């Protein structure tokens with residue numbers, strides 16, 4: 001069995017850049033650390049360091065060991081913090097960031113299963129721009145980020161993209177406007193008054209690409225970062241507006257609008273982004289399972305494949 005004390009000494013030597021600095025940090029003798037490192041290497045039957053002049057450098061095995069040691073001690077720190085902060089019998093905190101481009105009704109449906117667990121959960125939900133939320137995820141202020149696009153590699157934030165599902169897009173409008181433009185859909189969108197999500201959102205990009213591909217040129221009368229506000233203008237008859245097909249029925253009921261038609265070619269994806277490759281938080285697991293089981297299952301564009309992509 002792996003000796004975690006020896007692994008801790010190895011981790012400190014690798015982080016400090018040498019035995020003497022690690023010994024000072026841990027308040028032990030260099031001989032103690034050297035002896036423990038030797039024992040660890042013998043038990044693993046491999047060298048973790050090689051000496052280059054007066055310096056120690058990680059071998060390929062050492063680099064692999066360091067990566068896993070980082071995860072092991074990170075999990076240990078998280079566990080300690082969680083147990084210290086959570087009194088016995090208190091609700092399990094579930095800290096979630098929701099990217100502002102994700103429709104609020106979609107976010108509600110995705111997160112609701114977390115509140116239906118047998119173990120009480122206290123949901124702490126923040127809405128913000130993706131860059132801000134990814135930064136909070138990186139420093140462990142969030143357990144999960146719900147987003148409409150994967151974590152960009154160029155941000156340099158360690159995280160894993162767990163795809164929740166995919167949805168086609170429905171175009172909705174106030175009933176009178178829907179009746180007017182339903183015939184010959186989607187060609188009827190040409191020169192039709194259209195409300196669009198704000199620039200930079202996944203849905204905006206997908207729709208813009210699709211319109212250009214099919215030479216359809218609507219009259220864009222409004223652009224909205226807040227999808228709730230976009231729906232309110234649509235409800236008032238200002239223009240047609242797109243929504244994920246997965247929540248189209250809910251949007252019709254809530255806003256009293258009608259669906260003109262569905263566009264399977266335009267697909268919006270939703271992700272649960274965490275620092276865990278293997279999900280452990282029970283609320284995160286509940287969110288993912290429920291999304292795949294019920295929210296996207298009837299959508300023709302939903303993917304049944306399980307995609308977890310490292311974005312480190």
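For the stretch 243-275, which residues satisfy the criterion of being crowded, with 18+ Cβ neighbours inside 10 Å and in a loop (DSSP other than H, G, I, E, B)?
Residues satisfying the conditions are 257, 275.
If a residue has to be surrounded by 15 or more Cβ atoms within 10 Å (Cβ to Cβ), farther than 26 Å from residue 251 by Cβ and touching a strand residue (DSSP E or B) at 6+ places or on another chain (Cβ under 8 Å) to count, how many in the stretch 133-175 make the cut?
Summing the residues that are surrounded by 15 or more Cβ atoms within 10 Å (Cβ to Cβ), farther than 26 Å from residue 251 by Cβ and touching a strand residue (DSSP E or B) at 6+ places or on another chain (Cβ under 8 Å) in the stretch 133-175 gives 9.
Counting only residues that are surrounded by fewer than 17 Cβ atoms within 10 Å (Cβ to Cβ), at pLDDT 95 or above and not in a strand (DSSP E or B), how many does the stretch 217-228 have?
1
Please verify whether the stretch 278-293 includes one or more residues that are more than 17 Å from the chain's Cα centre (by Cα) and modelled with pLDDT under 85. Give the steps one after another, and end with the answer.
Of all residues in the stretch 278-293, those more than 17 Å from the chain's Cα centre (by Cα) come to 293.
Subset that is modelled with pLDDT under 85: 293.
Yes - at least one qualifying residue is present in the stretch 278-293.
Tell me, which residue of the stretch 107-130 that is in a helix (DSSP H, G or I) and in contact with a helix residue (DSSP H, G or I) (Cβ under 7 Å, 6 or more places away or on another chain) is surrounded by the fewest Cβ atoms within 10 Å (Cβ to Cβ)?
109
If you go through the stretch 183-191 one residue at a time, do you hit one that is surrounded by 21 or more Cβ atoms within 10 Å (Cβ to Cβ) and over 30 Å from residue 122 (Cα atoms)?
Yes, the conditions are met somewhere in the stretch 183-191.
This table checks each residue for (1) under 34 Å from the mean Cα position of the chain (by Cα); (2) outside the structural domain of residue 117 (by TED's automatic domain parsing); (3) in a helix (DSSP H, G or I); (4) at pLDDT below 85.
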| position | (1), (2), (3), (4) |
| --- | --- |
| 14 | yes, yes, yes, no |
| 20 | no, yes, yes, no |
| 25 | no, yes, yes, yes |
| 32 | no, yes, yes, no |
| 41 | no, yes, yes, no |
| 80 | yes, yes, yes, yes |
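The values are calculated or read from the model by the stated rules, or taken from the named source; none is laboratory data. From a predicted model like this one, the values you see are computed outputs, not experimental measurements. Using ideal geometry, Cβ is built from the backbone for each residue, glycine included, and neighbour counts are taken over all protein chains shown.
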